[in-house]
Amino acid sequence: MYFRKLVSVSLALLMLVGVVGLVSGKSSGNTDNDRHSLEGIEPLNLAILVQDDLVSQVGNEIAVTQKFIRSLPRGSRVMVGYITAGSLQVREPFTTDLDKAAQSLRIPTSSTSSSPFNPYVEVIEALKKFQSGWSNANAILLISDGLDTSRGFDSTAAGHTLDIDRAISEANKRSVAVFSFYAPSVGLTSFSRLAANYGQSSLNRLSDQTGGKAFFQGSTGFVTFDSYFKRLREALNQQYAKAR
């Protein structure tokens, strides 16, 4: 009887160890896959631009954005900047120190006092910081509501304002693809579906005509950047895969 109980306990312990090992293996595997999900692409010169008046929930996405920066292939250069009150605040100039670039991210102010009339003038300013002698592919990740109110709010002109046209022209001249994440600001796009659609249309045109992609998750509310970064990784793997 005692021997039978001892065998039963031993088997139970072995099964528990096996389950723990399996769970640990899966967890480790997922972390490793996340870390190396961009290993198959060429190094990038990437400017990450964050509009400073985006809703406060965007501040919760710093960790996933840092993780993305650190997942870039070795040799990549990253710049981090904030579009705030009509100017570009560079938090970290282009650097190959990916951890330093990741650490330079901060929580957006989420205040109308930081609102730009539109993000596209600062996109043009950021484009001028890409150097012509660099051999890596060039890209911008613009995190913005995309709304251009510099000449009034005219929904019929969505995606076709002077500054958007200039940004597209400058990006193409410098061979910089613009990828964009939509998030509402504390201004119009947080409560006007029309303004949100206007901003998304503008981001979509900027990205589409510069060789990038725009990512949305509906015109109201905000959830997370998780799905954005998943789709961005897929797009980068397709677009910048290493030559076989």
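The values are calculated or read from the model by the stated rules, or taken from the named source; none is laboratory data. It should be emphasised that the depicted structure is a prediction, and the values quoted were computed from it without experimental measurement. With ideal geometry, Cβ positions are generated from the backbone for all residues, glycine too; neighbour counts draw on all protein chains shown.
Quick grid of which residues meet (1) among the charged types (D, E, K, R); (2) in contact with a Cys (Cβ under 7 Å, 6 or more places away or on another chain); (3) in a loop (DSSP other than H, G, I, E, B); (4) in contact (Cβ under 8 Å) with a residue 12 or more places away in the chain:
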residue	(1), (2), (3), (4)
I107	no, no, yes, yes
S113	no, no, no, yes
P116	no, no, yes, yes
V121	no, no, no, yes
I124	no, no, no, yes
K129	yes, no, yes, yes
S132	no, no, yes, yes
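Taking the criterion of being at pLDDT 90 or above and of a type in the set (G, A, S), the residues of the stretch 143-186 that qualify are S144, G146, A167, S169, A171, S175, A177, S180, A183, S185.
Quick grid of which residues meet (1) over 29 Å from T95 (Cβ atoms); (2) out of contact with any Lys or Arg (no Cβ under 8 Å at 6 or more places or on another chain):
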site: L127; (1), (2): no, no
site: L141; (1), (2): no, yes
site: D145; (1), (2): no, yes
site: H160; (1), (2): yes, no
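For the stretch 148-198, the candidate set comprises residues that are among the hydrophobic types (A, V, I, L, M, F, W, C) and surrounded by fewer than 17 Cβ atoms within 10 Å (Cβ to Cβ); within that set, the residue that is nearest to S110 (Cα to Cα) is F191. Answer yes or no as to whether G218 is farther than 23 Å from V78 by Cα, part of a helix (DSSP H, G or I) and under 18 Å from the mean Cα position of the chain (by Cα). So G218 fails the test.
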